[in-house]
Amino acid sequence: METAVDLGTRDCVEILGFPVDRVGVGEAMERIARFVREGEPRVVVTADAAGLVLAQEDPEFASIVRQADLVTPDSVGVLWAARRAGKPIGQRVSGVDLVDLVCQRSSEEGWRVFLLGSAPGVAEMAAERLRLRHPGCNIVGSRHGYFPAESDEVVAREIAETRPDVLFVAMGMPRQEKFIWATRSIIRAKVAMGVGGSLDVHSGRVRRAPRWVQRLCLEWLWRSLLNPKKLSKARQLPVFLWRVLRYRP
Ligand code: UDP
């Protein structure tokens, strides 16, 4: 069993044994800005229901989630579990939103941003579109995410040369978090964050659900129906609900 992690002044709710920060998008961004100012390498996890189920089954991933500096509530399932635990959280904080907001801050403050992950060409396309959306945003590099774990160190050294303040890794859970954890002392990004399929969305390859679907909190269902690979993730939702209902700390 893992030893408890000192959460300091963080306001968290425990879900399936993992801390999830009770933050909205604005507070998450404030926290990220503080990390960038402070300059020590920090790790951010965007936690959805399937991710927390996965973490229960993968001790290495579990330990990363417990030691992360910020764990954002990235699904309606997580919001439901927080409410059930008596510590409600107001809104979802997704990787897609954080990539967008960090790029906006980058255009204002010059933060150096690196985009790693997704199929060849996608990170570049996302960079191009983010630069158009946030003129002046300082994306210092991008690279696809299809390489074996044995090459992690080589890739990390390439990224380190660009001296990123914020590193986004879009390679799916738990691969992206394991890459971040294993290479954090090489890359030394002030913030490194796993963002799943966010670069697919920012590249324009995958569309976000219409606003009315987002408002009904059904974006996950929309994307699952359009992408069979996502369906296996949606199947984790009842597992998550069942485990939360039965969870005893
Ligand atoms: N991916 C990658 N390298 C791999 C496997 C996947 O870069 O070895 C990318 C894939 O192209 C996709 C993202 O990782 O862009 C995973 O997206 P998904 O939405 O499935 O991630 P999740 O949010 O479910 O963790």
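Among residues of segment 74-90 that are closer than 22 Å to Met173 by Cβ, those with a beta-carbon under 7 Å from a residue that is hydroxyl-bearing (Ser, Thr, Tyr) and assigned to a loop (DSSP other than H, G, I, E, B) at least six positions away or on a different chain give the pairs Asp74/Ser94. When restricted to residues that are surrounded by 17 or more Cβ atoms within 10 Å (Cβ to Cβ) and either of a type in the set (Asp, Glu) or within 16 Å of the ligand (Cβ to nearest atom) (or both), segment 239-249 contains 1.
Here is a yes/no grid of residues against (1) free of Cβ contacts under 8 Å to residues at least 24 places away in the same chain; (2) within 19 Å of the chain's Cα centre (by Cα); (3) away from the ligand (no atom under 16 Å from the Cβ):
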| site | (1), (2), (3) |
| --- | --- |
| Val99 | no, yes, no |
| Cys103 | no, yes, yes |
| Arg133 | no, no, yes |
| Gly141 | no, yes, no |
| Phe147 | yes, no, no |
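Considering only residues in segment 149-175 that are away from the ligand (no atom under 14 Å from the Cβ) and assigned to a loop (DSSP other than H, G, I, E, B), the one that is nearest to Ile32 (Cα to Cα) turns out to be Asp165. With respect to the conditions (1) within 17 Å of Phe168 (Cα to Cα); (2) out of contact with any helix residue (DSSP H, G or I) (no Cβ under 9 Å at 6 or more places or on another chain); (3) part of a strand (DSSP E or B), Phe35 lacks only one, and its number is (3). Counting only helices (runs of 4 or more DSSP H) that sit completely within segment 183-238, those holding 1 or more residues that are within 11 Å of the ligand (Cβ to nearest atom) and at pLDDT 90 or above correspond to 198-203.
Here's a check for you: in segment 106-129, which residue that is in contact with an Asp or Glu (Cβ under 7 Å, 6 or more places away or on another chain) and within 12 Å of the ligand (Cβ to nearest atom) is farthest from Leu167 (Cα to Cα)? Per the criteria, the residue is Val122.
The values are calculated or read from the model by the stated rules, or taken from the named source; none is laboratory data. Just so it is clear, the structure is predicted and the values come from calculations on it, not from any experiment. When we count neighbours, we look across all protein chains shown, and the Cβ atoms used for this are built from the backbone with ideal geometry, even at glycine.
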